[in-house]
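Accompanying notes for the structure given below.
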């Protein structure tokens, strides 16, 4: 394992929650709890600019729901996190790249891409 980004959505992975989240995004997107979802996905598919960014970025990216993250990274030594969140993982070190407060301030996908690029010095 080398370097990677771990994106953790503020949603659970089970099918019931995924259906509820989908309906919530369609019916009342302004109150949806996961701005990372809103920034990276449209109503049905991944946003084109986000897909292009992922394709053109050399660092590995992993995408997890919060229950998947908590299962894979459970440890009494890890603090409790607020989701959504983006981590930078270097071997076994895990650090916050963008917090949920930062992610929730972004208004569009380009702001997210710019922030990630600056933090990783990709631009």
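The values are calculated or read from the model by the stated rules, or taken from the named source; none is laboratory data. These numbers were taken from a predicted model, which means no experiment stands behind them. In this analysis, Cβ positions are derived from the backbone assuming ideal geometry, glycine residues included, and neighbour counts consider all displayed protein chains.
Among the candidates 64, 39, the residue that is closer than 25 Å to residue 121 by Cβ, in contact with a strand residue (DSSP E or B) (Cβ under 7 Å, 6 or more places away or on another chain) and at pLDDT 85 or above is uniquely 64.
Every test in (1) within 20 Å of residue 49 (Cα to Cα); (2) in contact (Cβ under 8 Å) with a residue 24 or more places away in the chain; (3) touching a helix residue (DSSP H, G or I) at 6+ places or on another chain (Cβ under 8 Å) is passed by residue 119 save one, and that test is (3). Considering only residues in the range 5-32 that are part of a loop (DSSP other than H, G, I, E, B) and farther than 28 Å from residue 93 by Cβ, the one that is modelled with the highest pLDDT turns out to be 14. Taking the range 58-68 as the range and being surrounded by 11 or more Cβ atoms within 10 Å (Cβ to Cβ) and part of a loop (DSSP other than H, G, I, E, B) as the test, only 59 passes.
If you go through the range 69-97 and keep only what is surrounded by fewer than 16 Cβ atoms within 10 Å (Cβ to Cβ) and either touching a residue at least 60 places away in the same chain (Cβ under 8 Å) or in contact with a helix residue (DSSP H, G or I) (Cβ under 7 Å, 6 or more places away or on another chain) (or both), you end up with 82, 90, 91, 92, 94. Any residue in the range 93-113 that is outside any helix (DSSP H, G or I), over 15 Å from residue 35 (Cα atoms) and under 13 Å from the mean Cα position of the chain (by Cα)? Yes, because at least one residue in the range 93-113 is outside any helix (DSSP H, G or I), over 15 Å from residue 35 (Cα atoms) and under 13 Å from the mean Cα position of the chain (by Cα).
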